[in-house]
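Working notes, structure below.
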Amino acid sequence: MIWIIPLIFGIATSFRSQTEVVSTGFRLLPVNWVIENYAAVLSDTSTAPILRWIWNSIFISTTHTFLVLVVISVTAYGYSRMKFKGRDVLFFTLLGISFFPNVVNLIPSYKIIDTLGWVNTPWAMIVPGLAGMGNIFLVRQFMKGIPKDLDESARIDGASDFKIYYKIILPMIKPVLIVCALFSFTGSWNDFLWPVIVYTDVEKMPVTAGLLLLQDVYGNYSMIGQLMGSALLAVIPTMLLFFFAQKYFVQSLDLSSGIKG
């Protein structure tokens, strides 16, 4: 429970007056609770448009997550249900390559984004990482728990691979897709280094790049309350997401939870 103390202190600091932040030492809770920090942050729409940044992050993370689910579910279906030469070799080769740290790919990734003209656009964050091998591996393992007799029965009835994927497999892998969606959404939302590199336009920044900019705007010690208020506003969407979807984490641990009876 020690971890909760900094969280409480951070929330309390966002409700301290600038005078109290400067004049008092360490106090877990403020003497006087004020909302002027939040009012100042929300009213600043020029140098630090926090609501605009949050909306940018919601659009980027939601679009990225939707496309991730499409890509990884189709790819995992191919690796787990379809037979083609070199399938397993290709899968484990790509899985091994994915273990390299992402920082290795920063320069070539930026070159590609710049060539495509995606710098300072949402596509710079939406497209990279759509085919993450970690998510594909998780969905593939989940699919392996679904009996292939279902596929064979559907083929006898004349179903195509797409119909088997869409009508049979997709409804059964809902729990693991929800977990992958949570990972993808929070990963995109919390990504810091990449958006700092590909965004220079203040209006188009996601919230993580914007918070770095706020360190210059609210960087002096007396403005810590406003900086903390901005940070707390930025984490509200992900906290709500985990609160409403936490039950699916437990379901995803059972690789056969898509099978009933």
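The values are calculated or read from the model by the stated rules, or taken from the named source; none is laboratory data. This one's a predicted model, so the numbers in the text were calculated from it and none came from an experiment. Glycine also receives a Cβ, built like all others from the backbone with ideal geometry; neighbour counts cover every protein chain displayed.
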When residues of segment 139-171 are filtered for being touching a residue at least 60 places away in the same chain (Cβ under 8 Å), assigned to a helix (DSSP H, G or I) and either acidic (D, E) or crowded, with 18+ Cβ neighbours inside 10 Å (or both), how many remain?
9
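One line per residue, one yes/no per condition, for (1) farther than 30 Å from K163 by Cβ; (2) under 28 Å from the mean Cα position of the chain (by Cα):
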{"residue": "S17", "(1), (2)": "yes, no"}
{"residue": "V21", "(1), (2)": "yes, no"}
{"residue": "N32", "(1), (2)": "yes, no"}
{"residue": "L42", "(1), (2)": "yes, yes"}
{"residue": "A48", "(1), (2)": "yes, yes"}
{"residue": "V70", "(1), (2)": "no, yes"}
{"residue": "Y77", "(1), (2)": "no, yes"}
{"residue": "L94", "(1), (2)": "no, yes"}
Conditions (1) surrounded by 16 or more Cβ atoms within 10 Å (Cβ to Cβ); (2) in contact with a helix residue (DSSP H, G or I) (Cβ under 6 Å, 6 or more places away or on another chain); (3) at pLDDT below 85; (4) among the hydroxyl-bearing types (S, T, Y): number failed by S17:
(2)
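Quick grid of which residues meet (1) in contact with a helix residue (DSSP H, G or I) (Cβ under 9 Å, 6 or more places away or on another chain); (2) over 22 Å from A39 (Cα atoms); (3) at pLDDT below 90:
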position: L182; (1), (2), (3): yes, yes, yes
position: L227; (1), (2), (3): yes, no, yes
position: K247; (1), (2), (3): no, yes, yes
position: Q251; (1), (2), (3): yes, yes, yes
So, restricting to helices (runs of 4 or more DSSP H) that lie completely within segment 1-90, which ones have at least 3 residues that are under 30 Å from L138 (Cβ atoms)?
50-81
Residue among V31, V22 that alone is surrounded by fewer than 19 Cβ atoms within 10 Å (Cβ to Cβ) and without any contact (Cβ under 8 Å) to a residue 60 or more places away in the chain
V31
Does L69 qualify as being under 22 Å from D191 (Cβ atoms) and touching a Cys at 6+ places or on another chain (Cβ under 7 Å)?
yes
